[in-house]
Each structure stands twice: as structure tokens, then as C-alpha cells.
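Student: Here you go, one structure.
What follows is calculated from the coordinates using simple rules that are stated; it is not laboratory data. Just so you know, these numbers come straight off a predicted model, no measurement behind them. Counting neighbours? That spans all protein chains shown, and the Cβs are built from the backbone with ideal geometry, glycine included.
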Amino acid sequence: MQSTSKRILSIDILRGIVMVIMALDHCRDYFHGNGSIMNDAMNPETTFPFLYFTRWITHFCAPTFVFLSGISAYLSSKNKEPKQASNFLIKRGLWLILAEIVLVTFGLTFNPFFNIIILQVIWAIGCSMILLGLISRISYKAVLVVGIILFFGHNILNYINLPPANTLSGGLISAFITGSATFLPIADNHFILVLYTVLPWTGAMFLGFAIGKWYESSFEANRRQKLLLTIGLSLTIGFVVLRYFNLYGNPTPRQDLASLTQSIYSFFSVSKYPPSLQYYGMTLGPALILLSILEKTKNWFARVMMVYGNVPFFYYVLHFYLIHIVLVILFYLHGYGAKDIAYPQSPFLFRPATFGYSLPVVYVIWLLIVATLYKPCIWFKEYKSTHKQWWLKYL
């Protein structure tokens, strides 16, 4: 049987892989040309294979990150009294929401006036942790049941006539369950953009928390691997069946388009905003299969990925600032000036529509960004292991 540390290594390796891939999508947002900042990279009628794959592969990042956060929450709770564990999850959730509003939003936009606050995956994790802290006070089974209902059942709302989004009840349903992007005005020329509707992501975190029980020292390692593999295969096969027959689990059906390539694009273009059941099957299915395989993986690649997976929040925040600093440098090197800093259709400063590079160049920038973050991640892990300041436990 594996030791606790070795079991956690497989989680850190997978988390590191998705963190590295995630940076590719953000580099594409900031550095790819041809108006990519406003165009849908997965539109079957306008995309091309290299661009489509670049966007599609990053779909695996957020659900895997949220799911693994649930496992980590369970593992950390085992070292605390139930009430203490619950309070910690609630406090950490509040801290993550604050960090999303202040640290991440500024890193994304470089807008010191915060004209737009963007609520993404850290916001969803923070809200989910607060709910997890509350529900876990009831029981482990309550977390499991609520997680199953949210994960498999939230797409039922696609078949129900809901209140209009401009009403209070409709707006709340849109912001927390069904909305793809909800703009909330908070003052003149100041908005909140909710990209990650909370409850569908909460379902993934709750199920991750439930599966965290399989990582207890009393749980046999081979059995855990088989269960992960079985569930991963089931989710993947379920996605293929539901998608092929246009059954339950996604707000829009696949389409047979003019060419086979476009039809394949349509098949794998499932809803991330909000995440649908089919989206979860397409992403978390393979992620659980990989998590099963990684328990016995020992090579240089795994060791490198583990560096990023050890300090995910530090990496996540820092990579936005590094990407945006590089963007500012290239912005001025290309001859842009003060009049070009703000582009009306983009929330990001220093990102005019005419700026950008080809995808191969974007990949080079991505690799350089990730490589640059390697040493800082090692440093921060060592810092956390040798310092005991109270705030470190929230990172």
C-alpha cells in the first residue's frame, strides 16, 4: 500500500499538468493575433485544427482543478476536528473570493480602476468551499448526495421554462446555475462579469471531496486505482453516448455540418459556461483515468509537473502577472502607445485588436512563461515548508 505522501504525489502531478496546460489558453488570449480576443476558437465554421485543439485541450483544466480541490479539502479535513475543518473551509472560501476580486482581476486586466471584476474559477472554488464547509457539518453522505444531484442533475433546468434573467429570481438562477456570462452593473462604468456559475462547479468539488475518502491510509491502493479507472471510463463512455444520440446533458445538441471535420468540431464543442454533464464526461472522465495511472508514475516529467502542482494558487496568480507584464513589454516594442492601451471591446489593457502573433509563436511564449515560473514555484514550496505564518495555510 502506498504511503500518504506518495498518494498525494499523483494528485500533485495531475494538478501540475492541468496548470501548465491552462497557461496555454491564457497565452492564446493575450498573444494570438487575428482578432482572437473576440472570436470563438471552437466555432466549427471559422476555426482550424491547430486553433481548435489549442482551445479544446484547455477544457480539461478547470474541472480537473476543481475536482482535485475537493480531494485536497477532504485530505486536509482529516487532520482537524469537524467544526474546525468546516470553519477552515468557509474562511478559505472567503479568502479565495477576495483574492479573485483583487489579485486575479488586476492580473487579468491591469486596470487599476477595476472597471470590470471578472469572477472565474477561483471564485467558483471559493463559493464551493463555503458550501462544502456548511454541508460537511451535516455529514459526509450529505456532501456525496448533494454532489451527485448537482453534478448529474443541473442540466434538468435546460428543459424547464425559467424566469427571465432580468428578474430577481431569474438573475440569481442565471448567475449561480445556468448563465454562460452574467454582467452585473455595480456602479457607473463598473461591472461584475460572472463567467463561472457556482453550483455546477460545486457538484464537481463535492464529488472530489467524496472520492477523497479513497485516499485514506486504510483504503487499499489497487482498489482505489480500479475505482478511478472504472468511473473515468464510465464518464467518458457516457459522454460519447449522450453526445452521439443528442440525449441529456448539454444545452445545445451536436450538429452534422458541411464536412466531417466540422461535424467532429461540433461533437466535442460542449458547454463550459456553465459546465454541462457532457462537458464533465469529456474532461473528468479522462482525468480520472489519468489519475489512476499516475499513482505508479515515476519519471522526470512527473517530477517537473509536481513542482507546479505543489503550489497551484501561487502559480495561478503569478502566471497572470507574468503573462501581462510580457504583454506590456511587447506592446511597447511593437510601437503601440498610450492611445492604444484601452480597447473598447476588451477587458484587458494593453491588448489592442491588431496586436498578436501566429499560434506557433504563442506556443513558444507559453513554454517560456511556464519555464520562467519553475524556480519561483520551487522557492515558494520551500518557503511554505519552513515558515508557519497563519496566512500560508490559505494559499
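Student: What's log10 of I(q)/I(0) for region 341-395 at q = 0.18, 0.20 Å⁻¹, Debye sum over Cα points only, no solvent?
Tutor: -0.79, -0.82
Student: Cα to Cα, under 15 Å, and not fewer than 8 places away if on the same chain: which aspartates and glutamates meet these conditions relative to Lys381?
Tutor: List returned: Asp12.
Student: At most 13 other Cβ atoms within 10 Å and a DSSP loop assignment: could you name the trypsin sites (Lys or Arg not before Pro) in region 254-340 that fit? Don't jump to the answer; show the numbers that get you there.
Tutor: On the way: sites: Arg254, Lys272, Lys296, Lys298, Arg303, Lys339; in loops: Arg254, Lys296, Lys298.
Loop-located and lightly packed - Lys296, Lys298.
Student: Place +1 on the Cβ of every Lys and Arg and -1 on the Cβ of every Asp and Glu in region 4-394, take the dipole about the Cα centre, and give the residue among Phe48, Thr109, Ile71 whose Cα lies farthest towards its positive end.
Tutor: Toward the positive end, the furthest listed residue is Ile71.
Student: Further, regarding this structure: Taking GluC sites (Glu not before Pro) as candidate sites, keep only those in a DSSP loop with at most 14 other Cβ atoms within 10 Å, then name the longest stretch of the chain containing none of them.
Tutor: With a cap of 14 other Cβ atoms within 10 Å, the longest stretch comes to 221-395.
Student: PRE reach from Gln345 (point 7 Å along Cα→Cβ): which of region 360-376 fall under 12 Å by backbone N?
Tutor: What the label zone holds, given the 12 Å backbone N cut-off, is no residue at all.
Student: Also, I was wondering about something else. Working from the pairwise distances between different alpha carbons, so that the mean of 1/r is found and then inverted, what is region 206-352's Kirkwood radius in Å?
Tutor: 19.4
Student: Here's a follow-up. About the Cα centre of the chain, what is the dipole size in debye to 20, counting +1 per Lys and Arg Cβ and -1 per Asp and Glu Cβ, all else neutral? Please report the intermediate quantities before stating the final value.
Tutor: Values: 29 positive and 14 negative charges, 299 e Å.
It works out to roughly 1440 debye.
Student: Relative contact order for the chain: what percent, with Cα pairs under 8 Å and sequence separation of 6 or more?
Tutor: Relative contact order here is 27 percent.
Student: Same structure again: Size of the dipole of region 226-339 about the Cα centre, Lys and Arg at +1 and Asp and Glu at -1 on the beta carbon, nothing else charged, in debye to 20?
Tutor: 180
Student: Among Leu51, Leu193, rank each residue by its count of other Cβ atoms within 10 Å, from fewest to most, as a rough exposure measure. Present the calculation step by step, with values, prior to reporting the outcome.
Tutor: Details: Leu51 20, Leu193 15.
Ordered from fewest to most neighbouring Cβ atoms within 10 Å, Leu51, Leu193 come out as Leu193, Leu51.
Student: What is the order of Thr178, Thr372, Thr197, fewest Cβ neighbours within 10 Å to most?
Tutor: Listed from fewest to most nearby Cβ atoms, that is Thr372, Thr178, Thr197.
Student: Under a crude label model (7 Å from the Cα following the beta-carbon direction), how far is Ser358 from Asn246 in nanometres?
Tutor: 3.9
Student: Evaluate 2.2 N^0.38 Å with N set to the residue count of the chain, then give the Cα radius of gyration divided by it.
Tutor: Output field value: 0.98.
Student: Which FRET efficiency value, to the nearest 0.05, is calculated for Ser217 and His334 with the Förster distance at 45 angstrom and r the Cβ-Cβ distance?
Tutor: Between Ser217 and His334 the formula returns 0.20.
Student: Right, something else. Any idea what diffusion coefficient region 31-106 gets from Stokes-Einstein, in µm²/s, Kirkwood Rh on alpha carbon pairs, 10 °C, 1.306 mPa s?
Tutor: In µm²/s, the coefficient rounds to 101.
Student: Note down the nm distance, to one decimal, between modelled labels 7 Å out along Cα→Cβ at Tyr321 and at Ile160.
Tutor: Between Tyr321 and Ile160, the label points sit 4.3 nm apart.
Student: Per DSSP helix of 4 or more residues, -39500 (n - 2.57); summed, then divided by the residues of the chain. What does that give at 222 nm, rounded to the nearest 500?
Tutor: -19500 deg cm²/dmol
Student: Further, regarding this structure: Where both residues lie in the chain, what percent of DSSP beta bridges are antiparallel, nearest 5?
Tutor: 55
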